[in-house]
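Quick notes on the structure that follows.
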2 protein chains.
Amino acid sequence: MDRPYGKVLDKLRGAGLRPTRQRLALARLLFDSGDQHVTAEHLYALSKSADAKVSLATVYNTLHQFKEAGLLREVVVEPGRSYFDTNIDNHHHFYDPQTGELIDIPSSHVTLASLPTPPSGKKVDRVDVVVRLSGSD
Amino acid sequence: MDRPYGKVLDKLRGAGLRPTRQRLALARLLFDSGDQHVTAEHLYALSKSADAKVSLATVYNTLHQFKEAGLLREVVVEPGRSYFDTNIDNHHHFYDPQTGELIDIPSSHVTLASLPTPPSGKKVDRVDVVVRLSGSD
DNA sequence: GTGATTGCAAATCTTTTGCACTAAA
DNA sequence: TTTAGTGCAAAAGATTTGCAATCAC
């Protein structure tokens, strides 16, 4: 392929985000390598390794813009640190507190047979299932 | 009742925690009013209203000690803020991002018909279901 | 007394923000 | 050009930590 930015370019345009050098670089790191879970610091480190000059502030801004645009999902499993998930399909997670690792669980692998009725005036936006792992088997 | 501290005193002793003035005061605020969800700042504010002189640092330390001792459960639903839940039974939560409010869901109201197998060498510690609420019905 | 606990203030960590500068359209 | 986006450094917010003073046993 001769257009290394083609895919993410379309993605950004589709989301109505101006395709700046920084956003393109981060988008490539995020979306060109299959599903992944990154923290801001982690993505910042990735961008450094990739020689993309992006400031940490821009990493934060960009992660939130991508999230607002529906390109990413924020996953909160640990106090004081946010993960961003490039898998935006309906799905759930294993979380290993020992390693800080998140692993996707396809929603088809979790059967929620019944759910309670939300408080009146509210509706269910989303159901997040986090399966916390521990020690060893 | 003539022993306002009796119940929580036993609770602290049972957990192997020295019943100091501060721990007793916080334990009363936490456990003498039915199930509740508090943040550190919230409990700190409560302790002030109750004229219990407890520093914020001690509130944080105490919440974590209570958690270690199994008297509380930590619930993370929002980046940058931890909730502590006095309900330590197996259960789940509604979360309203608009108000920051957590509402217990008895585990009997959520049927998890199937769960995926954890990665080898790991076992399931706990399954947390968070039902995120949105706007209005 | 003696070791555990507390309070304070400083430190830490993640995330956000203000603002001058730069780049995209 | 004109407006959106970026980088830096400072600020903010939650939480933690070091250490001397205090308390429970």
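None of the figures in this text is laboratory data; all of them are computed from the coordinates on show. Model, not experiment: these values are computed from the prediction. Neighbour counts run over all protein chains shown; Cβ positions are idealised from the backbone, glycine included.
Would you work out which of A:S47, A:V75, A:S114 lies farthest towards the positive end of the dipole of chain A, given +1 charges on the beta-carbon of Lys and Arg and -1 on that of Asp and Glu, about the Cα centre? The residue sitting farthest along the positive end of the dipole is A:S47. Put simply, the amide H of B:S82, placed in the peptide plane, has neighbours under 5 Å in B:A40, leaving out anything fewer than 5 places away on its chain. Run the numbers on the stretch A:52-101 and let me know its relative contact order in percent, using alpha-carbon pairs under 8 Å that are six or more apart. In percent, rounded to a whole number, it is 23. Only aspartates and glutamates eight or more places from B:K53 in sequence, or on another chain, were considered; those with a Cα closer than 15 Å are B:E41. Between A:V124 and A:K53, what's the calculated FRET efficiency when r is the beta-carbon distance and R0 is 25 Å? Round to 0.05. About 0.05, to the nearest 0.05. Largest first, the three principal axis extents of the alpha carbons in the stretch A:46-120 are 48, 33, 24 Å in whole numbers.
Within the straight-line cut-off of under 27 Å between alpha carbons, the lysines reachable from A:K123 are A:K67, sequence neighbours fewer than 8 places apart in one chain being disregarded. Once backbone amide H atoms are built at 1.01 Å from N, A:Q36 has A:T86, A:N87 as its partners under 5 Å, excluding neighbours fewer than 5 places away on the same chain. Computed 3J(HN,Hα) for the stretch B:56-65, one whole-Hz value per residue from the Karplus formula 6.51 cos²θ - 1.76 cosθ + 1.60 where θ = phi - 60°, is 4, 4, 5, 4, 4, 4, 5, 4, 6, 5, glycine and proline marked x.
Annotation: aspartates and glutamates with alpha-carbon distance below 16 angstrom to B:K122 (same-chain offsets under eight excluded): A:D96, A:E101, A:D104, A:D137. Amide hydrogen proximity for B:L72: with H placed 1.01 Å from N in the peptide plane, the residues at 5 or more positions away or on another chain lying under 5 Å are B:K67. With respect to chain B, whose longest principal axis is taken over its alpha-carbon atoms, helix B:40-49 is tilted by about 30°.
Which value at 222 nm does chain A reach when only helices count, each DSSP H run of 4 or more adding -39,500 (n - 2.57), with the total divided by all residues and rounded to the nearest 500 deg cm²/dmol?
Calculated at 222 nm, the ellipticity per residue is -9500 deg cm²/dmol.
Given Cα positions, please report Rg to Rh for the stretch B:1-102, the hydrodynamic radius being the Kirkwood one.
Details: Rg = 13.5 Å, Rh = 14.1 Å.
My calculation of the ratio gives 0.96.
Considering only A:V124, A:V110, A:V75, the mean-square fluctuation computed in a Gaussian network model of chain A, springs between alpha carbons under 10 angstrom, is largest for A:V124. Note that the stretch A:67-75 has calculated 3J(HN,Hα) couplings of 5, 4, 7, x, 8, 9, 10, 8, 10 Hz, one per residue in order, obtained from phi through the Karplus relation 6.51 cos²θ - 1.76 cosθ + 1.60 (θ = phi - 60°); glycine and proline are x. Placing a label point 7 Å from the Cα of A:L56 along the Cα-to-Cβ direction, the distances to the matching points in the other copies come to 2.2 nm, shortest first. Taking Cα atoms only, the orientation of helix A:21-31 departs from the longest principal axis of chain A by about 40 degrees. What you get for chain A, charging only the Cβ of Lys and Arg (+1) and of Asp and Glu (-1), is a dipole of about 720 debye around the Cα centre.
Sorted from nearest, the other copies put their B:R18 label points 6.1 nm away, the label point being 7 Å from Cα in the direction of Cβ.
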